[in-house]
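Peer 1: Sharing a structure here in structure tokens format.
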Amino acid sequence: MAGILSGLGESVPLPDLQAPAPEPASAPDARTPDASAIFASRGDEIAALNARISARNAAAGRERRKAISTSTKEYRYASYMEAWRRKVERIGNLNYPQEAKEKALFGSLILHVAVRADGSLEGVRVVRSSGHRVLDDAAVNIVRLAAPFAPFPDDIEAETDVLDITRVWQFQRNHRLGWND
């Protein structure tokens, strides 16, 4: 995808931040890494994505954008993101995809969400697929259903027009949306 979909369904062009898409998941074999290695690589991948987003924003003159993730330590941003996460998770669990339940699908994906200072959705896109289109589409739909979000507090709004949020989403076996931070 050349851009992200805006809250109104329009495509907003963005720089290419994606690494090549991984192959769909297959049956585990002796070469499959353990879960701790997978989770550690996700953290590294999100940190690298945030660094690329920040560098491209600065190069494009968009210094009033701030890339955040679960590794963000600044209290004001971490606090906003935690409130955002709670809302999205609540909406996600109320709107868990029926097809995923019926087919017993589960998996994780990385999603990039851009939120404007007024809480409106600038855009959302799948950065790394779960390998199941129904889960990827559901994550995007859940963000749209949860929007608008809370406006930025004054201390964030004073220096930031858009928050670029990158998260690992997990559609779990128990038909719940969760996070693996």
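Peer 1: Need the full-extension length gain, E157 to R133, defined as separation in residues times 0.36 nm minus the C-alpha distance. One decimal, nm.
Peer 2: Difference between extended and current length: 5.1 nm.
Peer 1: Please order H132, H175 by the number of other Cβ within 10 Å, starting at the fewest.
Peer 2: Going from least to most buried by this count: H175, H132.
Peer 1: So for E122, E159, fewest C-beta neighbours within 10 Å to most, what's the order?
Peer 2: E159, E122
Every read-out reported here was derived from the displayed coordinates using simple, explicitly stated rules and does not represent laboratory data. Because the structure is a prediction, the values reported are computed rather than measured. Here the Cβ is made from the backbone with ideal geometry for all residues, glycine too, and neighbour counts use every protein chain on show.
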